[in-house]
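*Asks:* After the structure tokens below, expect a handful of questions from me.
The values are calculated or read from the model by the stated rules, or taken from the named source; none is laboratory data. As the structure is a computational prediction, the values presented were derived from the model and not from experiment. Using ideal geometry, Cβ is built from the backbone for each residue, glycine included, and neighbour counts are taken over all protein chains shown.
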Amino acid sequence: MPHDALAQLIAGRKPGHTLDQDFYTSPEIFQTDLDLIFARHWIYVGVEPDVPEAGDVMSFDIGAASVIIVRDDDMQIRAFHNVCRHRGARLTPDGKSSVGNLVCRYHAWTYALDGRLLFADHMGEDFDKSCRGLKPVHLRSVAGLLFICLADEPPADIEEMARVMTPYLAPHDVANCKIAHSTDLIEHGNWKLTMENNRECYHCAANHPELTTSLFAYGFGFSPTALDDLDLQQAERYADMVTELQQRWEADGLPAREVEHLSDRVTGFRTERLPMDQHGESQTLDTKAASQRMLGQIKDRRSGGLSFWTQPNSWHHFMGDHIVTFSVIPVGPEETLLRTKWLVHKDAVEGVDYDVENLTRVWLATNRQDAELVGISQAGVRSPAYEPGPYSPFTEGFVEKFCTWYLGRLSAELA
Amino acid sequence: MPHDALAQLIAGRKPGHTLDQDFYTSPEIFQTDLDLIFARHWIYVGVEPDVPEAGDVMSFDIGAASVIIVRDDDMQIRAFHNVCRHRGARLTPDGKSSVGNLVCRYHAWTYALDGRLLFADHMGEDFDKSCRGLKPVHLRSVAGLLFICLADEPPADIEEMARVMTPYLAPHDVANCKIAHSTDLIEHGNWKLTMENNRECYHCAANHPELTTSLFAYGFGFSPTALDDLDLQQAERYADMVTELQQRWEADGLPAREVEHLSDRVTGFRTERLPMDQHGESQTLDTKAASQRMLGQIKDRRSGGLSFWTQPNSWHHFMGDHIVTFSVIPVGPEETLLRTKWLVHKDAVEGVDYDVENLTRVWLATNRQDAELVGISQAGVRSPAYEPGPYSPFTEGFVEKFCTWYLGRLSAELA
Amino acid sequence: MPHDALAQLIAGRKPGHTLDQDFYTSPEIFQTDLDLIFARHWIYVGVEPDVPEAGDVMSFDIGAASVIIVRDDDMQIRAFHNVCRHRGARLTPDGKSSVGNLVCRYHAWTYALDGRLLFADHMGEDFDKSCRGLKPVHLRSVAGLLFICLADEPPADIEEMARVMTPYLAPHDVANCKIAHSTDLIEHGNWKLTMENNRECYHCAANHPELTTSLFAYGFGFSPTALDDLDLQQAERYADMVTELQQRWEADGLPAREVEHLSDRVTGFRTERLPMDQHGESQTLDTKAASQRMLGQIKDRRSGGLSFWTQPNSWHHFMGDHIVTFSVIPVGPEETLLRTKWLVHKDAVEGVDYDVENLTRVWLATNRQDAELVGISQAGVRSPAYEPGPYSPFTEGFVEKFCTWYLGRLSAELA
């Protein structure tokens, strides 16, 4: 799509409404999303415990790019393009492994874990190895969450996000967690529908019985006129609970109050620590902690759920006993990968301290439900009869902010 | 494809020959077919017995559009776009169901069966529900056969077709039939090859042993010089039989004589009631009626087979005991859905009055054979060595009329 | 891709380096490869023993074209487009069969094995059958290897290749072989990566344990500085062996010396007869002959391995007891068919003179290994971080010649 046609489409957007069809279906805009959004912003891709030991390697795709994340012998984590400098072969397959050096299996070109080319046979006397190291990719760990940026000059304001977020995240001590479970789910919709779905809980009551056992939908907005008297009482009780618990948590060294920069930053984000319902310990079916080994310095089992969102592609639930973390990667105009990881304390013992089925049940079900919603949304927005519809001013404000951020970033990068 | 390039391609067509390669393979012309043919003409999609009761819903795709057909409590059948006016989700999945209202499962927006938006929570005081009803789709029942048109202003001459066809179809009383069996077959060819295949019986002798047990291939034309003496005698006997039986049927109130408007109408069609061979009762392997319960007011088991074709996408065989009805829906440039339904009297009892295997055997086999022919045609016309070949002036006149109609409609809609 | 953009891309190529990304990934260049390389050059497609008897037919695809190879009653082998001149249907499915005439199953149009249209019913008195024969395809057997050319005027210099190669190939007597085994392997990479992989043995040591049991990697170049003392001694021993054995073979009537026209001919090729390691008889796991029945006039079991390569799409290993022959056919920008055939003497008896598992084990394994290498190469060159890398001047000279030939032919055909 020519840039001026895209600029016109952006300019013509009706505020407070879903995006025009092309944004969800056009292969050209999908490629633009990869080029201007996913190749120029900080993308959440995993956690430090993905590569816990020296020599640990994790590789994954973003669009046509493949990235290697590797922990060097000095325990530094680095990122490189997964492309041999000889004939371009991939050095490691998708997924995880453990290596001494990075050796291309094609002609055995061998790279150190810091990317330097160590060996390349038969290349002759004039060949300069120093020009043929692996191409680096920017990597930033924010309290154990790994963000990469494929651009030459990544947005600088990730430092600002790191400054704000570290006090919120540090008590959960991601670096000393382990990955108890991980799933990849292909959703049959554009990645923006996956994100929009995540940015509201208007759909929760009708679709997420497991999640709403612990999660108060009130926390994401409501229209007072849409509630009956009983619901209104509950909402008031909930508002009081937020005030009281956020005060208590902050006094205990757990930052809780909302920080929201979803649409006014290049590296947009939002966080808030919110109460949970019933036993209020964790996003489990019985709302009790899933792991008996609490994270970091957290003592209080009722430390709420810290919600952390980043633009364009992640959300996270940090609880006292475990963390669930989500990364969204576009696969095609109508296909999206949702990668979910459940983290517990690294010393928690499976079968003793936690049970994987109990740990994962709520979000496995919720992801499946959301994937269906994304699927019927994609099928519908594809129709010639589709036209942008109105967001609720009460329950879909964060969806609107996602759209505003997205269109704003497209415009800025087109300029 | 730019419109003037397409206009040139249309103008350059050699009359009496198959179409140029691009018409069978080009993704651009496929999209044009969806836009100018399937979105602007009356498309046959099903029968009244698809939604026999109030609250019955049937949903299907045409191109990127999804259409809901629903029978309201007043027994009216209506059609809507299957797109929620909120965030565009599909309201119902492909296929059939029974509902009170049409409720979007995403955020529970609720529509009446006449399309009005009844409920939409959290949208605030200013929200005007009356502007957010489901978008209607034109629907016309012709003696129980359902045609829809996605255009704002559908071709008016469907009324003319209805006027002519109702006396032919009414005696079979579609509205009081039930669907005994239904199949979806994906053919690996462009939809026009599926239609061209249907419009001639030149290929029947070599390919359709089951069908030609009851169907006289003579009824669709032949070259006298291609027949030997025995065949010529048969052909003469057949011509006499047509004359005699058509007179008898018309005297009995069953219109029989050919009406042919395949290429001179926007809503092109053709019909004729023709004798069948042997017992002559039905398109079954033993040529006897498949259902003991005759349709409508028909008494005579030897009432022939009424052939009814509509441009661009249907054909139908109406017999005294059952009806077989075919709807063709383009899926991709080289992929086509053929939906076939077998109808019997609604009071016929399976296993007593009819046996599904016996009822469906001939056309299940014939469809499979035709799908193979369409597949080898598509594979061949894709070749750079393909060039349009000549139609037989004796046996492929109706194929030529299909092409003439198609190109004429494209030209008219391009203008 | 506009021709001038492609010409610019060709002009900008860095000599001695892998090609630009677009050559491996662009759908437009893939189509250009089909149009300018595969439709205008001599393409290796099979062997005379593919159609040993009169009436034998073999059909296969090259791009959108389908070609029939047929042996007529006079034992002539001919090639035609597999497209009926009536409505374009394919006459025979992919693969092999035996026929009297070529009869289209659609409407029974019937062609003689020399392509003449014999029968076409119902076409009327004016129809001229003589204009409706099957369209011929150029075919040339070079000592039993079948090459076709889809162009109207095929490159004339195949005669030169035939003149040079016949003395090399004739002793193996392909015409009196039979096909003992045949496999189709889909590689997930552009066809040029398949060819480049074949044109060097730099990757053999690390990837082909079965093949390198008999094959000396030295035969395809090495950097003296890359070898240790022991390896250098081996290389010298090997060079002496080549000199001595090539003299002996040529004295025995088996031409052996290298002829190399990979990049200076339209019909580029290379050949050389080289020693094999250990028992030195054949490319088997134990390096002994796989078939007890020697080919043609060959007596000496240690007659080496004759390597024969043709641009753009074949390589062959001729040994004293059997032949392995490879044909590469592009399927998509990132998908390639590798068709491999193992030939033994037509009188060799399976289970007595040869065992299929023993005969095929080395190349089945080698093909699988190469397919993996092609797959990781394709995945890597797709990355935005990929840039052309340097070929080894010692081990990848023939890869460079493949690239030079390819780009030269593109340029010439564009002009």
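*Asks:* Could you tell me whether the range C:384-400 includes any residue that is surrounded by 18 or more Cβ atoms within 10 Å (Cβ to Cβ), aromatic (Phe, Trp, Tyr), farther than 16 Å from A:Arg87 by Cβ and at pLDDT 95 or above?
*Replies:* no
*Asks:* Which ones in the range C:360-399 are more than 10 Å from chain A (Cβ to nearest Cβ) and out of contact with any helix residue (DSSP H, G or I) (no Cβ under 8 Å at 6 or more places or on another chain)?
*Replies:* Filtering the range C:360-399 for residues more than 10 Å from chain A (Cβ to nearest Cβ) gives C:360-368, C:370-371, C:397-398.
Those that are more than 10 Å from chain A (Cβ to nearest Cβ) and out of contact with any helix residue (DSSP H, G or I) (no Cβ under 8 Å at 6 or more places or on another chain): C:Thr360, C:Arg361, C:Leu364, C:Asn367, C:Arg368, C:Ala371, C:Gly397.
*Asks:* Still on this structure, please answer the following. Suppose we filter the range B:22-50 for residues that are surrounded by fewer than 21 Cβ atoms within 10 Å (Cβ to Cβ) and out of contact with any Leu (no Cβ under 9 Å at 6 or more places or on another chain); how many remain?
*Replies:* Result for the range B:22-50: 6.
*Asks:* I need every pair where a residue in the range C:182-207 that is closer than 27 Å to C:Val356 by Cβ has its Cβ under 6 Å from the Cβ of a residue that is among the acidic types (Asp, Glu), sequence separation at least 6 or different chains.
*Replies:* From residues that are closer than 27 Å to C:Val356 by Cβ, the pairs are C:Thr194/C:Glu187; C:Asn197/C:Asp370.
*Asks:* Can you spot a residue in the range B:333-340 that is under 30 Å from C:Phe60 (Cα atoms) and surrounded by 23 or more Cβ atoms within 10 Å (Cβ to Cβ)? Reasoning before the result, please.
*Replies:* Going residue by residue through the range B:333-340, those that are under 30 Å from C:Phe60 (Cα atoms) are B:333-338.
Retained after the next criterion (residues that are surrounded by 23 or more Cβ atoms within 10 Å (Cβ to Cβ)): B:336.
Among the residues of the range B:333-340, at least one is under 30 Å from C:Phe60 (Cα atoms) and surrounded by 23 or more Cβ atoms within 10 Å (Cβ to Cβ), which makes the answer yes.
*Asks:* Here is a further query. Take C:Glu196 and tell me if it is within 14 Å of another protein chain (Cβ to nearest Cβ) and under 30 Å from C:Arg302 (Cα atoms). Break it down into steps so the answer makes sense when it comes.
*Replies:* Working: within 14 Å of another protein chain (Cβ to nearest Cβ): yes; under 30 Å from C:Arg302 (Cα atoms): yes.
Spelling it out, C:Glu196 is indeed within 14 Å of another protein chain (Cβ to nearest Cβ) and under 30 Å from C:Arg302 (Cα atoms).
*Asks:* I would also like to ask the following. Given the residues A:Ala217, A:Ala205, A:Ala162, A:Ala180, which is the only one that is closer than 23 Å to A:Phe398 by Cα and surrounded by 20 or more Cβ atoms within 10 Å (Cβ to Cβ)?
*Replies:* On the way: A:Ala205 fails: surrounded by 20 or more Cβ atoms within 10 Å (Cβ to Cβ); A:Ala162 fails: surrounded by 20 or more Cβ atoms within 10 Å (Cβ to Cβ); A:Ala180 fails: closer than 23 Å to A:Phe398 by Cα.
Only one candidate passes the filter, namely A:Ala217.
*Asks:* Just wondering, is there one or more residues in the range B:116-133 that are facing chain A (nearest Cβ under 9 Å), under 19 Å from the mean Cα position of the chain (by Cα) and either buried (at least 21 other Cβ atoms within 10 Å of the Cβ) or farther than 21 Å from A:Asp20 by Cβ (or both)?
*Replies:* Among the residues of the range B:116-133, not one is facing chain A (nearest Cβ under 9 Å), under 19 Å from the mean Cα position of the chain (by Cα) and either buried (at least 21 other Cβ atoms within 10 Å of the Cβ) or farther than 21 Å from A:Asp20 by Cβ (or both), which makes the answer no.
*Asks:* Return yes or no: is B:Pro255 assigned to a helix (DSSP H, G or I), in contact (Cβ under 8 Å) with a residue 40 or more places away in the chain and out of contact with any Asp or Glu (no Cβ under 8 Å at 6 or more places or on another chain)? Write out each step before concluding.
*Replies:* On the way: assigned to a helix (DSSP H, G or I): no; in contact (Cβ under 8 Å) with a residue 40 or more places away in the chain: yes; out of contact with any Asp or Glu (no Cβ under 8 Å at 6 or more places or on another chain): yes.
No; evaluated as a whole, the condition is false for this residue.
*Asks:* Taking the range A:1-56, which residues are in contact with a helix residue (DSSP H, G or I) (Cβ under 8 Å, 6 or more places away or on another chain), assigned to a loop (DSSP other than H, G, I, E, B) and within 25 Å of A:Asp152 (Cα to Cα)?
*Replies:* A:Met1, A:Arg40, A:His41, A:Trp42 - these are the residues of the range A:1-56 that are in contact with a helix residue (DSSP H, G or I) (Cβ under 8 Å, 6 or more places away or on another chain), assigned to a loop (DSSP other than H, G, I, E, B) and within 25 Å of A:Asp152 (Cα to Cα).
*Asks:* Next question. Out of the range A:58-88, which residues are outside any loop (DSSP other than H, G, I, E, B), farther than 16 Å from A:Arg140 by Cα and of a type in the set (Val, Ile, Thr)?
*Replies:* Matches in the range A:58-88: A:Ile62 only.
*Asks:* Here's something else I'd like to know. Looking at (1) surrounded by fewer than 20 Cβ atoms within 10 Å (Cβ to Cβ); (2) in contact with a strand residue (DSSP E or B) (Cβ under 7 Å, 6 or more places away or on another chain), which one does C:Arg71 not meet, given that it meets all the others?
*Replies:* In the conditions (1) surrounded by fewer than 20 Cβ atoms within 10 Å (Cβ to Cβ); (2) in contact with a strand residue (DSSP E or B) (Cβ under 7 Å, 6 or more places away or on another chain), C:Arg71 misses (1) alone.
*Asks:* Of everything in the range C:50-67, what is within 14 Å of chain B (Cβ to nearest Cβ) and of a type in the set (Asp, Glu)? Give them in sequence order.
*Replies:* From the range C:50-67, those within 14 Å of chain B (Cβ to nearest Cβ) are C:59-67; that's our starting set.
Scanning the range C:50-67 gives a single hit, C:Asp61.
*Asks:* If you check B:Leu113 against the conditions, is it more than 10 Å from chain A (Cβ to nearest Cβ) and surrounded by 16 or more Cβ atoms within 10 Å (Cβ to Cβ)? Steps first, please.
*Replies:* Details: more than 10 Å from chain A (Cβ to nearest Cβ): yes; surrounded by 16 or more Cβ atoms within 10 Å (Cβ to Cβ): yes.
Yes; evaluated as a whole, the condition is true for this residue.
*Asks:* Could you please let me know if C:Ile186 is touching an Asp or Glu at 6+ places or on another chain (Cβ under 7 Å) and either modelled with pLDDT of 95 or more or assigned by TED's automatic domain parsing to the domain that holds C:Val374 (or both)?
*Replies:* It is true that C:Ile186 is touching an Asp or Glu at 6+ places or on another chain (Cβ under 7 Å) and either modelled with pLDDT of 95 or more or assigned by TED's automatic domain parsing to the domain that holds C:Val374 (or both).
*Asks:* Another question, then. Within the range C:68-79, is even one residue within 14 Å of chain B (Cβ to nearest Cβ) and either among the aromatic types (Phe, Trp, Tyr) or closer than 25 Å to B:Pro388 by Cβ (or both)? Full working, then the answer.
*Replies:* Looking only at the range C:68-79, we keep the residues that are within 14 Å of chain B (Cβ to nearest Cβ), and these are C:68, C:79.
With the extra rule that they be either among the aromatic types (Phe, Trp, Tyr) or closer than 25 Å to B:Pro388 by Cβ (or both), the set shrinks to C:68, C:79.
Taking every residue of the range C:68-79 in turn, at least one turns out to be within 14 Å of chain B (Cβ to nearest Cβ) and either among the aromatic types (Phe, Trp, Tyr) or closer than 25 Å to B:Pro388 by Cβ (or both).
*Asks:* Wholly within the range B:134-214, which strands (runs of 3 or more DSSP E) include no fewer than the required count, namely at least 3 residues that are β-branched (Val, Ile, Thr)?
*Replies:* Working: elements: B:136-142, B:145-149, B:177-187.
Qualifying strands (runs of 3 or more DSSP E): B:177-187.
*Asks:* Suppose the filter is in a helix (DSSP H, G or I), modelled with pLDDT under 95, touching a Pro at 6+ places or on another chain (Cβ under 9 Å) and of a type in the set (A, V, I, L, M, F, W, C); does C:Leu245 pass it? Before you say what the answer is, go through the steps one by one.
*Replies:* Values: in a helix (DSSP H, G or I): yes; modelled with pLDDT under 95: no; touching a Pro at 6+ places or on another chain (Cβ under 9 Å): yes; of a type in the set (A, V, I, L, M, F, W, C): yes.
It is false that C:Leu245 is in a helix (DSSP H, G or I), modelled with pLDDT under 95, touching a Pro at 6+ places or on another chain (Cβ under 9 Å) and of a type in the set (A, V, I, L, M, F, W, C).
*Asks:* Determine whether A:Arg105 is in a loop (DSSP other than H, G, I, E, B) and either buried (at least 22 other Cβ atoms within 10 Å of the Cβ) or among the small types (Gly, Ala, Ser) (or both). Working first, answer last.
*Replies:* Details: in a loop (DSSP other than H, G, I, E, B): yes; either buried (at least 22 other Cβ atoms within 10 Å of the Cβ) or among the small types (Gly, Ala, Ser) (or both): no.
When the stated conditions are applied, A:Arg105 does not pass them.
*Asks:* Is there any pair with a first residue in the range C:300-323 that is outside the structural domain of C:Met195 (by TED's automatic domain parsing) and a second that is in a strand (DSSP E or B) and at pLDDT 95 or above whose Cβ atoms are under 8 Å apart and which are 6 or more apart or on different chains, and what are they?
*Replies:* none
*Asks:* Going by the conditions given, is B:Val352 more than 23 Å from B:Gly221 (Cβ to Cβ), among the β-branched types (Val, Ile, Thr) and either part of a loop (DSSP other than H, G, I, E, B) or within 10 Å of chain C (Cβ to nearest Cβ) (or both)? Talk me through it step by step, then tell me what you get.
*Replies:* Numbers: more than 23 Å from B:Gly221 (Cβ to Cβ): yes; among the β-branched types (Val, Ile, Thr): yes; either part of a loop (DSSP other than H, G, I, E, B) or within 10 Å of chain C (Cβ to nearest Cβ) (or both): yes.
Yes; evaluated as a whole, the condition is true for this residue.
*Asks:* Return the residue satisfying two criteria in turn: it lies in the range B:82-102 and is β-branched (Val, Ile, Thr) and more than 9 Å from chain A (Cβ to nearest Cβ), and of such residues it is nearest to A:Phe222 (Cα to Cα). Step through it out loud before you land on a result.
*Replies:* Our first condition is that a residue be β-branched (Val, Ile, Thr); within the range B:82-102, this holds for B:83, B:92, B:99.
Still in the list and also more than 9 Å from chain A (Cβ to nearest Cβ): B:92, B:99.
Details: B:Thr92: 26, B:Val99: 28 Å.
Out of the qualifying residues, it is B:Thr92.
*Asks:* While we're looking at this one, here's another question. Tell me the residue from B:Glu196, B:Glu250, B:Glu210, B:Glu260 that is modelled with pLDDT of 95 or more and buried (at least 21 other Cβ atoms within 10 Å of the Cβ), please. Break it down into steps so the answer makes sense when it comes.
*Replies:* Working: B:Glu250 fails: buried (at least 21 other Cβ atoms within 10 Å of the Cβ); B:Glu210 fails: buried (at least 21 other Cβ atoms within 10 Å of the Cβ); B:Glu260 fails: buried (at least 21 other Cβ atoms within 10 Å of the Cβ).
Checking each option against the conditions leaves just B:Glu196.
*Asks:* Against the condition in a loop (DSSP other than H, G, I, E, B) and crowded, with 23+ Cβ neighbours inside 10 Å, how does B:Gly320 come out, does it pass?
*Replies:* Numbers: in a loop (DSSP other than H, G, I, E, B): yes; crowded, with 23+ Cβ neighbours inside 10 Å: yes.
Answer is yes for this residue.
*Asks:* For the condition part of a loop (DSSP other than H, G, I, E, B), touching a residue at least 24 places away in the same chain (Cβ under 8 Å) and in contact with a strand residue (DSSP E or B) (Cβ under 7 Å, 6 or more places away or on another chain), what is the one hit in B:Gly100, B:Gly115? Talk me through it step by step, then tell me what you get.
*Replies:* On the way: B:Gly100 fails: in contact with a strand residue (DSSP E or B) (Cβ under 7 Å, 6 or more places away or on another chain).
Just a single option satisfies the conditions, and that option is B:Gly115.
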